[in-house]
Each structure stands twice: as structure tokens, then as C-alpha cells.
Amino acid sequence: MNSKRKTPTTVSDVLELLHAERDERGMRNWEKLGSGTAGRSSYGIGLTRLRKMAKEIGRNRELAQALWKSDVYDARVIALLVDDPAQITRDQAEKQVEELAGGMLAHVFASCDATLAKTSFVVELAERWVRSADPIRRECGYGLLYEASKFSGKKAPDEAFFLACVKRIADTIGAESQKVRLAMGVALMGIGKRSAGLNKAALAVARAVGPIEFTSASGKCEPFDVVKHLTTDWLKRKLG
């Protein structure tokens, strides 16, 4: 963002900024998604750039709520990023998870250092959502579980909690959709990095499941190999 430009504080300001920062190639790729866009438009801006914009805007609860009403995908991403975790409620989370454009916004909503993961009720929410009948909630639940796997101190759940999560993944991953399986794999990776005991438990499941195949908006990607992430030399030294 140009340092001479004022910090956006209204929806009009943000839309003006998004238009100025639009990526023509990204917009063409967006249009190729067809029905996958859930009827929303986009300025084709990558997540890294949107994160930078959101960081410069800063926490702004009122702006976040206003932007969430927009039909512009990029504006909704910024809405999630600038919201105030101290003011996000369980009711808001339950309402927003129903409005993620078929799960398109799930990664920003529940993973990748998500604002929702900074709420005081994140562990409780993750535990409830991974048991939900709704696949988008399950995907988001495992995304939040990954974020929780990075917690330390009093905020972190105990080892028994994570062992139960590993068992749940082992028992249910075979029947899940590609998106939920990927979210489970990411959660398994995070859990397996916490301790030697959790590493052993997570590795056993990861080896049984094998690399997880998935596709992105740009096409098929290299399978996600959880085992590879849990057997690095660095992690072995860390866990002893």
C-alpha cells in the first residue's frame, strides 16, 4: 500500500484500494472458476497481498462487519483478517461458517493464522465442529485444531485432548471428502510436532493414510505427505 494513501476506514475506501491493486491475470483465473465463485466477483488479488493490506488497515470491527456484506471475495477476505478476535462471538462464527461460499473462504476463516483462532473459545469450537454433520464445519474445525496445535502455556489443550483428536482422525478420515481429508492432514501435522508421544501417534496414522491428494483452484497439486513433515531432521532434534 502506498504510504501516501490514507488508511482505508470505509467499505468504499477498501473497494477503491482493491480496484487500484487489481490483478488482471488473477481476475481471469477467477472467472474460469465459473459456479465455484458462488456468484461473487474478485479483483484477483493474492492472499499474501490481501494480508499486507489488512495489516496496514489494522483491527477494525465495524469495517469488518460492513465488508462481510460485500459480494467481492477480496473484501470478504479482508473482513476476516481485520476483525477483532476479542469481539467475535460464537453466534457470529456459526453464522459466518454458513456464508463461506461453499467453503471457498474456509482457509482464511479457520486456518493460516486465522483471526477466529485467536478467540477465547477456539478449542471448544474446533471440538464441536469436527463432530458436525456439515463438511464445511468439519473442514474448519480441523483448521482451527491445527491452529490450536501451535498454542503453548495455559492456552494449550493437554496431550490427552490431542491424542483423542488423532484417534478421531484415524477413525474417520477414510470416509471424508478431499477438502476435509486435507484439513485433517494439516491438523495431524500440527499435532505431531508438539511432543515425542504425539509425534509417534500422528505418524502411525499418517503412514496408514498415506499422502493426501487434493486439488486447488489452479488444478491438481502434489499430494500432501504428512509423514514427510513429521520426520524431518529438525523435528527429530527438537523432540529428542
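Among (1) of a type in the set (G, A, S); (2) modelled with pLDDT of 95 or more; (3) over 18 Å from V123 (Cβ atoms), where does A187 come up short?
The number of the failed condition is (3).
Based on this model, can you work out whether T48 counts as without any contact (Cβ under 8 Å) to a residue 12 or more places away in the chain and under 14 Å from the mean Cα position of the chain (by Cα)?
yes
Do the conditions hold for G153, that is, is it farther than 25 Å from N60 by Cβ, touching a residue at least 40 places away in the same chain (Cβ under 8 Å) and surrounded by fewer than 20 Cβ atoms within 10 Å (Cβ to Cβ)?
no
From the list G197, G174, G141, which residue is part of a helix (DSSP H, G or I) and closer than 18 Å to A117 by Cα?
So the residue among G197, G174, G141 that is part of a helix (DSSP H, G or I) and closer than 18 Å to A117 by Cα is G141.
Please specify each residue of the stretch 4-47 satisfying the condition of being modelled with pLDDT of 95 or more, among the β-branched types (V, I, T) and part of a helix (DSSP H, G or I).
Within the stretch 4-47, V11, V14 qualify.
For every residue, the table says whether it meets (1) touching a Ser or Thr at 6+ places or on another chain (Cβ under 6 Å); (2) at pLDDT below 95; (3) within 29 Å of R181 (Cβ to Cβ); (4) assigned to a helix (DSSP H, G or I).
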| position | (1), (2), (3), (4) |
| --- | --- |
| L50 | no, no, yes, yes |
| A64 | no, no, no, yes |
| A75 | no, no, no, yes |
| A79 | no, no, yes, yes |
| I88 | yes, no, yes, no |
| A93 | no, no, yes, yes |
| Q96 | no, no, yes, yes |
| G102 | no, yes, yes, no |
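Step by step: first the residues of the stretch 78-112, then only those that are among the β-branched types (V, I, T) and surrounded by 19 or more Cβ atoms within 10 Å (Cβ to Cβ), then the one that is nearest to the chain's Cα centre (by Cα). Which residue is that?
Once the filter is applied, the top-ranked residue is V108.
On the basis of being assigned to a helix (DSSP H, G or I), out of contact with any helix residue (DSSP H, G or I) (no Cβ under 7 Å at 6 or more places or on another chain) and at pLDDT 95 or above, does A126 make the cut?
Against the criterion (assigned to a helix (DSSP H, G or I), out of contact with any helix residue (DSSP H, G or I) (no Cβ under 7 Å at 6 or more places or on another chain) and at pLDDT 95 or above), A126 does not qualify.
Suppose we filter the stretch 187-240 for residues that are among the aromatic types (F, W, Y) and touching a residue at least 12 places away in the same chain (Cβ under 8 Å); how many remain?
Count: 2.
Looking at T37 and the list (1) without any contact (Cβ under 8 Å) to a residue 60 or more places away in the chain; (2) assigned by TED's automatic domain parsing to the domain that holds V11; (3) touching an Asp or Glu at 6+ places or on another chain (Cβ under 9 Å); (4) surrounded by fewer than 19 Cβ atoms within 10 Å (Cβ to Cβ), which single condition is not satisfied?
Here T37 clears every test but (1).
The values are calculated or read from the model by the stated rules, or taken from the named source; none is laboratory data. The model shown is predicted, which means the values in this text are computed figures rather than measured ones. Don't worry about glycine lacking a Cβ; one is built from the backbone with ideal geometry, like all the others, and counts go over all protein chains shown.
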